[in-house]
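**Student:** This is the structure, below, for whatever I ask next.
Taken together, the values in this text are just the output of simple stated rules run on the coordinates, not laboratory data. Here the structure is a predicted model, which means the values were calculated and not measured. When we count neighbours, we look across all protein chains shown, and the Cβ atoms used for this are built from the backbone with ideal geometry, even at glycine.
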Amino acid sequence: MNLVSQVLAIVAVLSAGIIYGTDALGALVMRPALERVDERMLVKITGLTHYYGDRRFPLPGILSVVATVLTAVASAFGQRWAATIAAGAAAVILLVWLAIYFTVNAPINRRLTAAAMEDRVPENARALQRRWDSVINLRAVLQGAAVAALCVVLAAP
């Protein structure tokens, strides 16, 4: 069961790492860059980015949560208690991240995507982006913490 939990943890690290890297890019690079563009460009860039991201990221996102939960279960069956706790913590962290994404980011993504596809600029485009940006640092920290906890699973006896 140890090998199973470790393989699942590797899958979880790799899939969560995709989301972590994207959120870190958003926090460190995209947020300050988007502050320097006009509203039309802001809507076009973010709308198209969300259009593709919201279609392509569910697979690694779902896979990271499922693999993390299965890692916790397999670790418990293998009586790897430190690994079980670390995987359980990672699962909770990922669920908190999902709650933030679905309550704050997803509705904004839909609005900016629709605006970009219709080639229009909402009057509140900058406010929408500020709201989206208000949680990106937290999202990056949460994903980083989940990846770190999953690495603990790999290092735990």
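**Student:** Sort segment 1-55 into rounded, prolate or oblate with this rule: let a ≥ b ≥ c be the square roots of the eigenvalues of the Cα gyration tensor; rounded if a/c is under 1.5, and if a/c is not under 1.5, prolate when a/b is larger than b/c, oblate otherwise. List each step's numbers first, then the result.
**Tutor:** Values: a/c = 8.92, a/b = 2.85, b/c = 3.13.
Oblate is the answer for segment 1-55, as a/c is 1.5 or above yet b/c matches or exceeds a/b.
**Student:** Run lengths n ≥ 4 of DSSP H only: what is the helix-derived mean residue ellipticity at 222 nm for the chain, with -39500 (n - 2.57) per run over all residues, to the nearest 500?
**Tutor:** Values: 8 runs with 127 residues, N = 157.
Estimated from H runs of four or more residues: -27000 deg cm²/dmol.
**Student:** Right, another one. Out of 37, 11, 69, any idea which swings most in a Gaussian network model of the chain, alpha carbons joined below 10 Å?
**Tutor:** Among 37, 11, 69, the largest mean-square fluctuation in the Gaussian network model of the chain belongs to 37.
**Student:** Hey, in the GNM for the chain with a 10 angstrom Cα cutoff, which one of 129, 79, 143 fluctuates hardest?
**Tutor:** 79
**Student:** Helix hunt in the chain: which complete DSSP H runs extend at least 30 Å axially by C-alpha with mean Kyte-Doolittle at least 1.0?
**Tutor:** Working: long enough: 2-25 (33 Å, 1.57).
Helices passing the filter in the chain: 2-25.
**Student:** To the nearest 20 Debye, how big is the dipole of the chain about its Cα centre, given +1 on the beta carbon of each Lys and Arg and -1 on that of each Asp and Glu?
**Tutor:** Details: 14 positive and 9 negative charges, 11 e Å.
The dipole magnitude comes to about 60 debye.
**Student:** In whole Å, how far is the Cα centre of segment 101-155 from that of segment 1-72?
**Tutor:** So the separation of the two Cα centres works out to 10 Å.
**Student:** Using a Gaussian network model of the chain with C-alpha springs under 10 Å, which one of 49, 22, 84 is most mobile by mean-square fluctuation?
**Tutor:** Top of the fluctuation ranking is 49.
**Student:** Turning to a different aspect of this structure: Arrange the following residues from fewest to most other Cβ atoms within 10 Å of their Cβ: 59, 14. Present the calculation step by step, with values, prior to reporting the outcome.
**Tutor:** Values: 59 11, 14 15.
In order of increasing Cβ crowding within 10 Å: 59, 14.
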